[in-house]
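Asker: Below: one structure in structure tokens.
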């Protein structure tokens with residue numbers, strides 16, 4: 001997952017592990033829906049300590065249906081990110097010790113342009129859209145991750161290190177393969193999980209190659225409602241997901 005910077009066969013998650021009903025339940029499709037403009041938290045669990053959260057991004061709901069969840073992170077959004085215990089940014093630590101040195105979380109702000117995140121229920125990835133200033137579309141970013149679970153005030157996942165970058169000319173490339181390999185060496189990704197992640201990536205690439213949704217759906221022309229406010233970051237951003245939205 002880069003801190004600053006597809007569509008599977010209906011009825012199966014990528015990799016073919018789960019039936020549609022179970023996949024949708026895992027992503028909270030049976031729960032109540034949010035309305036456009038609602039504020040939610042999009043969080044990621046710490047890979048070394050999955051009972052804890054180390055990334056939290058307040059976001060504004062764009063769409064919430066049985067087929068797609070879309071949310072917008074505006075420029076200037078207050079967020080939470082991990083750093084090393086001494087405050088060193090994670091990406092500046094040498095790869096060999098990046099995942100073994102102690103960490104803590106800090107409050108920060110999302111600088112630069114905003115990010116639109118799209119996720120289909122049950123898919124082990126989400127698709128992020130990035131723009132340059134002036135709304136010049138930059139790229140799609142396929143973030144391989146645990147299928148999201150919905151709770152009262154947001155959705156939770158766990159990042160799987162490996163990603164795919166997709167460009168406007170439709171060519172794609174793997175991203176963060178070095179981090180994915182290091183996470184395996186450090187025991188954060190088991191061999192079985194690594195195989196599942198690669199399988200998910202190949203499923204995403206099949207959808208990219210076929211140029212299906214969301215890549216072909218025109219989301220690069222989407223714009224946020226100018227009346228939307230920037231969501232706040234609550235003090236208890238890391239609270240346990242006690243209940244599903246009803």
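Asker: Go over the candidates 113, 18, 105 one by one and state the one that is surrounded by 13 or more Cβ atoms within 10 Å (Cβ to Cβ), at pLDDT below 95, in contact with a strand residue (DSSP E or B) (Cβ under 9 Å, 6 or more places away or on another chain) and within 30 Å of residue 185 (Cα to Cα).
Answerer: 18
Asker: From 189, 142, grab the single residue that is assigned to a strand (DSSP E or B) and in contact with a helix residue (DSSP H, G or I) (Cβ under 6 Å, 6 or more places away or on another chain).
Answerer: Going through 189, 142 in turn, just one is assigned to a strand (DSSP E or B) and in contact with a helix residue (DSSP H, G or I) (Cβ under 6 Å, 6 or more places away or on another chain): 142.
Asker: Scan the range 53-65 and tell me whether some residue there is modelled with pLDDT of 95 or more and over 17 Å from the mean Cα position of the chain (by Cα).
Answerer: Yes, the range 53-65 contains a residue that is modelled with pLDDT of 95 or more and over 17 Å from the mean Cα position of the chain (by Cα).
Asker: Against the condition at pLDDT below 95 and either touching a helix residue (DSSP H, G or I) at 6+ places or on another chain (Cβ under 7 Å) or surrounded by 14 or more Cβ atoms within 10 Å (Cβ to Cβ) (or both), how does residue 198 come out, does it pass?
Answerer: In short, no.
Asker: Scan (1) exposed (fewer than 12 other Cβ atoms within 10 Å of the Cβ); (2) over 25 Å from residue 131 (Cβ atoms) for the single condition residue 186 breaks and write down its number.
Answerer: Among (1) exposed (fewer than 12 other Cβ atoms within 10 Å of the Cβ); (2) over 25 Å from residue 131 (Cβ atoms), the lone unmet condition for residue 186 is (1).
Asker: Somewhere in the range 213-231, is a residue out of contact with any helix residue (DSSP H, G or I) (no Cβ under 6 Å at 6 or more places or on another chain), assigned to a loop (DSSP other than H, G, I, E, B), on the phi < 0 side of the Ramachandran plot and at pLDDT below 95?
Answerer: Yes, that holds for at least one residue.
The values are calculated or read from the model by the stated rules, or taken from the named source; none is laboratory data. For clarity, every value in this text was computed on a predicted model and none was experimentally measured. Methodologically, a virtual Cβ is constructed for each residue, glycine included, from the backbone with ideal geometry; neighbour enumeration extends over all protein chains shown.
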